[in-house]
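Shown next, in structure tokens, is the structure this report addresses.
Just so you know, all these numbers are worked out from the coordinates, no wet-lab data involved. Given the structure is predicted, the values throughout are model-derived calculations rather than measurements. We place every Cβ from the backbone using ideal geometry, glycine too, and count neighbours over all the protein chains shown.
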Amino acid sequence: MAASAPARVVDTGSRTASGAMIWTALAVVYVVWGSTYLAIRVVVEAEIPPMLGMATRFLTAAALMAAGLAVKSGWQRLRITRREAIGAATVGILLLAFGNGAVAIAEQTVPSGLAALLVAAIPLWLMLLRVGGGERPLSMTWVGVLIGFGGAALLALSGGNTSAKPLSVAILVVGTICWATGSRYAPRLGLPCDPLVTALYEMVFGGTAMVLLGVLRGEPGRLHLDRIHGSGWIALAYLVVFGSLLAYTAYSYLLANAPISLVGTYAYVNPAVAVFLGWLILSESLTWQILLGGAVIIVGVALVVTSERRRS
């Protein structure tokens, strides 16, 4: 079992990463990120423009995190080099502005459970990026990739037999590729050693890019604060505190301290949580396309992650 493997200890400046810390962060990502698809759906249904809503989420979280770090350790902890700033901006734009932003835009028509299932293909895109970098995966890995993309194709082409629009599905797929790209190259970009500082600046740069993209999409003209439902504000607050401050920080910590093959396992736990919550709270339909396509994707991803972990 993976949990019985020796702890991976990585120097992060003043702290080390133990197996317990890694698995705790992974558990947070498993559960909390699975619920964020539901929260994002509630936000966009409450007439909060998607890009501006997500920008508010990350910039608010960044401000709170900066204040907390400054009180605890002083403002000097927030100092980063130019190279670290460029790295944080690159990852923040890919993961948040293009990745998370695509999810928010897509969920205007795509049910939260279906969105989570399509995002579950991220480890498959990660594998293709590794192949493009010259790596040679095992035969079982290729089998998992083919199976997983087969399930993703079923969902993308059918839209899960829901109200999802083809353009929204396409935007979501592009967003998953951006997220995979950012996750793949993050360890090579010279990010700050402190994972909290890394998460902070990624949210600053990603949130700022979202504001610009929202303006380009004409979202300010569609923002009417008096029309926003109370549920939208509650969901946005949940995304700030749990989805950003807690889960995104945990994910950044994992990228810096855990094998990418282990980090990728969240992709086949989140969808189950998201599909269940979407059905339970928003009464989203569970069509045979969603159940079959989702099961196929999760099986494919599980084969890829398991195969790569054994090789490592």
Q.
Using the Karplus curve 6.51 cos²θ - 1.76 cosθ + 1.60 with θ = phi - 60°, what ³J(HN,Hα) values do you get for each residue of the range 246-251, in whole Hz, with x for Gly and Pro?
A. 8, 6, 5, 5, 5, 5
Q) Stretched out fully, how many nm does the piece from residue 282 to residue 167 gain, at 0.36 nm a residue minus the Cα gap? A) 39.1 nm
(Q) Helix-only mean residue ellipticity at 222 nm, the chain, DSSP H runs n ≥ 4 weighted -39,500 (n - 2.57), per residue, nearest 500. What is it? (A) -22000 deg cm²/dmol
**Q.** FRET efficiency, residue 291 to residue 138 (Cβ-Cβ, R0 30 Å, nearest 0.05)
**A.** 0.55
Q) Once Lys and Arg get +1 and Asp and Glu get -1 on their Cβ, which of 121, 42, 106 lies farthest toward the positive end of the dipole of the chain? A) 121
(Q) Classify the range 61-103 from the C-alpha gyration tensor, please: rounded if a/c falls under 1.5, else prolate or oblate depending on whether a/b exceeds b/c. (A) oblate
Q. What shape does the range 219-312 have by the C-alpha gyration tensor, where a ≥ b ≥ c are the square roots of the eigenvalues, rounded means a/c under 1.5, and otherwise prolate means a/b greater than b/c and oblate the rest?
A. oblate
Q) Candidates [x] 37, 23, 15; [y] 27, 27, 17; [z] 42, 18, 16; which is the computed semi-axes √(5λ) of the Cα gyration tensor in Å? A) [y]
(Q) Checking the a/c ratio against 1.5 first, then a/b against b/c, what shape does the Cα gyration tensor give for the range 126-181? (A) oblate
Q. Mind checking which of 243, 214, 300 has the largest fluctuation in a GNM of the chain, springs on alpha carbons under 10 Å?
A. 214
Q: Between residue 234 and residue 63, with labels modelled 7 Å along Cα→Cβ, what's the label distance in nm to one decimal, could you check?
A: 2.4
